[in-house]
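Below: one structure, written as structure tokens.
The values are calculated or read from the model by the stated rules, or taken from the named source; none is laboratory data. Computed from a prediction, not measured in an experiment: that's the story for all the values here. Positions of Cβ are generated from backbone atoms using ideal geometry, with glycine treated the same way; all protein chains shown enter the neighbour counts. Just so you know, the surface numbers come from the protein's heavy atoms only, side chains and all, with ligands and any DNA or RNA stripped out. Shrake-Rupley method; radii C 1.70, N 1.55, O 1.52, S 1.80 Å.
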Amino acid sequence: MAMGDPSWDLYRTFLAVLREGSLSAAARHLGLAQPTVGRHVDALEQAVGQQLFTRSLHGLMPTPAALELGPYAETLQATASALLRAASASVAEVAGTVRVTASEVIGVEVLPPILAALQETHPGLTIEIVLSNAVEDLLRRDADIAVRMVAPMQEALVAQRVGFVPLGLHARRDYLERHGVPRTPADLERHRLIGFDRETAIVRRFMAGAAAQGLAGFTRARFALRTDNDLAQLALIRAGAGIGFCQLAVARRSPELVRILPEVNGLVLDTWVAMHENLRRAPRCRVVFDALVAGLRRHVTAGEDNAAGEAG
């Protein structure tokens, strides 16, 4: 059967069913009636000439054809969202919608005051924030601007290095009063350590850096508390659950936190701000980009000052 020309509504519904796993859940997500969702799926199947879902005890299961179409539908959704953000912009003033993606800790601990000050200056801005440690695809327009803790590898991006965010091992003061202060890396064997659960490529690079700084024993097998959520790790450190890594500038905001072994854990995160080069002339994106660079540089400087003070 020849390919038809389905409307975006059909792909949007298809993507919702693919993600939600049932017609009813997709209908709730989209704010549509369930029969409407069913008709959309039927229409798209007719247009592409293939069955996209099969019914099972667990809901609707995607067929191989649906799984193949999924990434293209996601690209359509990202493009449609980017189009609406561009359409929201004002030519005469800094206004409109800008979508920013950042890591969980940066998004929760660092960006709020930067964005609050930005909107005081430019009240016409609307900021969408996506918090994820995954690298969002700026070329596909999943976001307009990204704060990344690795150097961007994609071409067609405007990228500016902010600096190196220093990290260190920390524990709450009362935890150390109960269990003692580690004086050497070997002393960590007697402590509850907080760290990752799954070993990803980023984690492997991090652990290689830790080993180079004399912390080869800081491994998954030694972690008493394991989570891949960086905010959860930070919360556990602040709660006095054990010893773990966090950014120096973030730790200094909590007077009860004490840095451990400052002489041997000089780990850093290479921090960048990036956006698609097509957005460099969009006033709303340029203003947000510049504000993020300036604010994050202050964050980097705060961490460096903290490290210098401890070294002194």
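Things to note:
- Restricting attention to the range 118-144, the residues that are touching an Asp or Glu at 6+ places or on another chain (Cβ under 7 Å) and at pLDDT 70 or above add up to 6.
- Considering residues of the range 171-197 that are part of a helix (DSSP H, G or I) and free of Cβ contacts under 8 Å to residues at least 24 places away in the same chain only, the residue least open to solvent (accessible area, probe 1.4 Å): 187
- Meets criteria (without any contact (Cβ under 8 Å) to a residue 60 or more places away in the chain, crowded, with 16+ Cβ neighbours inside 10 Å and not aliphatic (A, V, I, L, M)) for residue 21: yes
- The listed residue being within 21 Å of the chain's Cα centre (by Cα) and more than 30 Å from residue 125 (Cα to Cα), out of 219, 200: 200
- Given (1) open to solvent by 10 Å² or more (accessible area, probe 1.4 Å); (2) over 24 Å from residue 192 (Cβ atoms); (3) modelled with pLDDT of 95 or more, index of the condition residue 241 fails: (2)
- Verdict on residue 298 being under 17 Å from residue 105 (Cβ atoms) and without any contact (Cβ under 8 Å) to a residue 12 or more places away in the chain: yes
- Among residues of the range 223-235 that are more than 15 Å from residue 192 (Cα to Cα), those with a Cβ under 7 angstrom from a residue that is open to solvent by 60 Å² or more (accessible area, probe 1.4 Å) and hydrophobic (A, V, I, L, M, F, W, C), sequence gap 6+ or separate chain, pair up as 231/108.
- Odd one out for residue 54 among (1) in contact (Cβ under 8 Å) with a residue 60 or more places away in the chain; (2) touching a strand residue (DSSP E or B) at 6+ places or on another chain (Cβ under 7 Å); (3) open to solvent by 20 Å² or more (accessible area, probe 1.4 Å); (4) of a type outside the set (Asp, Glu): (1)
- Residues of the range 27-51 that turn out to be without any contact (Cβ under 8 Å) to a residue 40 or more places away in the chain and farther than 15 Å from residue 70 by Cα, as a count: 16
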